[in-house]
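Notes for the one structure printed next.
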Amino acid sequence: MKDGDSVFGYRKKDMQAMILKSPHTSLEWVELPSRSPGAGEIRVEVEACGVCRTDLHVLDGELPNPVFPIIPGHEIVGRIDGLGQGVVGLHVGERVGIPWLGHTCGACPYCLSSRENLCDFPVFTGFTRDGGFATSTIADARFAFPLPEAPEAASLAPFMCAGLIGWRSLKIAGDGLNLGLYGFGAAAHILAQVAVQQGRAVFAFTRPGDTVTQKFAVSLGAKWAGGSDEMPPEPLHSAIIFAPVGSLVPIALRAVRKGGRVVCAGIHMSDVPTFPYELLWEERQLVSVANLTRQDGIDFLRMVPTMGVVTKTTKYPLRQANEALADLRAGRFEGAAVLVP
């Protein structure tokens, strides 16, 4: 395919995007020349892009080693409309998903030991390479997941980060039956459905007094839902903290039983306060999750259709990316926000 052509019936000249020029500012609408995919890359016509809390961390300058200006967005669903030299196994017109982990070196000790999520020289979609808050994006073909034709793109977009990081967190949490989820947003609303299908009892923790989200959690199969300032009615075998609030760590440790595990699933969290050693004693464990591996994506995307997991999304036009981010920060919707170009 020649650069500038499109399988969708129009001459591809420009792309539109919401770009972040510096932290602590609003995204700006821009038009940019369409780019050709390089060797090993694909160009993707974006159908939908989820809005993730990590995008807020990028906006707020809370992550190290940023690249600005940057087009955020790393929960991308779209169709390939350009193949770079050497790309195999993918074809023009195919629907793919592009996740947060956009490239790894393949040569560091972590990559060589099947732990590419800890790569020493990673590239992150929407943070150190342009992402999906745009009508088109360029991606490393090796980090693109083939996706089904159904359901609609907006329903698939949250799987590309909220779903994937939730899945990795669940694996690290272990096989315990009583699972606590602290922060019931995009990731937890997907993971709760997976856990229930696995036969686990889900205990959902929200902002104190947020009865709307608590009812939403129960509607998805949670056995109990309450505020994060409450203790669950039963001891937890494990807990996953999605909310970026460090003060939840001692709260979750207090809620898990002896030998239980607390998993911090966020890429950024406010400082964890001091807490008495007795909360960690009796072989409780506190661990974190970083990024994902491609195998995580393959396993999760293969498993999800068999479980009937459904995402709840609120759609926004691409130009309303700032509004979507503000609504995410304020917790004004259930489930996930998705930008649709």
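Listing for the model above:
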{"quantity": "Listed residues GLY174, GLN197, PRO233: farthest to the positive end of the dipole of segment 163-288 (Cβ charges)", "calculated": "GLN197"}
{"quantity": "Label-point separation, ILE172 to LYS258 (7 Å along Cα→Cβ), nm", "calculated": "2.7"}
{"quantity": "Gaussian network model of the chain, Cα within-10 Å springs - most flexible of PHE203, PHE216, PHE121", "calculated": "PHE121"}
{"quantity": "Given charges at beta-carbon only (K, R positive; D, E negative), |dipole| of the chain in Debye", "calculated": "360"}
{"quantity": "Long-range lysine pairs (8 or more apart or interchain), the chain, Cα under 22 Å", "calculated": "9"}
{"quantity": "Cβ-based charge dipole, the chain, positive-most Cα from ALA150, LEU280, SER270", "calculated": "ALA150"}
{"quantity": "Per-residue Cβ neighbour rank within 10 angstrom, fewest leading, THR311, THR211, THR128", "calculated": "THR211, THR128, THR311"}
{"quantity": "Amide proton proximity set for VAL51, modelled H, under 5 Å, gap of 5+", "calculated": "ALA337, VAL338, LEU339"}
{"quantity": "Expected 222 nm ellipticity per residue - DSSP helices of 4 or more, -39500 (n - 2.57), all of the chain, to 500", "calculated": "-6500 deg cm²/dmol"}
{"quantity": "Fewest-first sequence of LYS21, LYS312 by Cβ atoms within 10 Å of each Cβ", "calculated": "LYS21, LYS312"}
{"quantity": "In Hz, Karplus ³J(HN,Hα) per residue of segment 95-106 (6.51, -1.76, 1.60; θ = phi - 60°; x = Gly, Pro)", "calculated": "7, 9, x, 10, x, 4, 6, x, 5, 10, 6, x"}
{"quantity": "For segment 202-217, 3J(HN,Hα) per residue [Karplus equation, 6.51 cos²θ - 1.76 cosθ + 1.60, θ = phi - 60°, Hz, x = Gly/Pro]", "calculated": "9, 10, 9, 10, 10, 4, x, x, 7, 5, 5, 5, 5, 5, 4, 4"}
{"quantity": "Net dipole in debye of segment 1-156 [+1 Lys, Arg Cβ; -1 Asp, Glu Cβ; about Cα centre; nearest 20]", "calculated": "280"}
{"quantity": "5 angstrom amide H check on ASP81, placed H, neighbours 5+ away", "calculated": "ARG43, VAL44, GLU45, GLY93"}
{"quantity": "Vicinal HN-Hα couplings computed from phi for segment 312-329 (Karplus, 6.51 cos²θ - 1.76 cosθ + 1.60; Hz; Gly/Pro x)", "calculated": "9, 10, 10, 8, 9, x, 3, 5, 9, 4, 5, 5, 4, 5, 5, 5, 4, 4"}
{"quantity": "Overall form of segment 163-288 per C-alpha gyration tensor (a/c, 1.5; a/b vs b/c)", "calculated": "rounded"}
{"quantity": "Contour minus Cα-Cα distance for THR314 and ASP120 (0.36 nm per residue)", "calculated": "66.3 nm"}
{"quantity": "Net charge, PHE145 excluded, C-beta distance under 15 Å - Lys, Arg +1, Asp, Glu -1", "calculated": "-2"}
{"quantity": "Size of charge dipole - segment 251-334 - debye, nearest 20, with Cβ of Lys, Arg +1 and Asp, Glu -1, no other charges", "calculated": "240"}
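All of the numbers you see were taken from the coordinates with simple rules; none came from a lab. Because the structure is predicted, anything quoted here is derived from the model rather than measured. Here the Cβ is made from the backbone with ideal geometry for all residues, glycine too, and neighbour counts use every protein chain on show.
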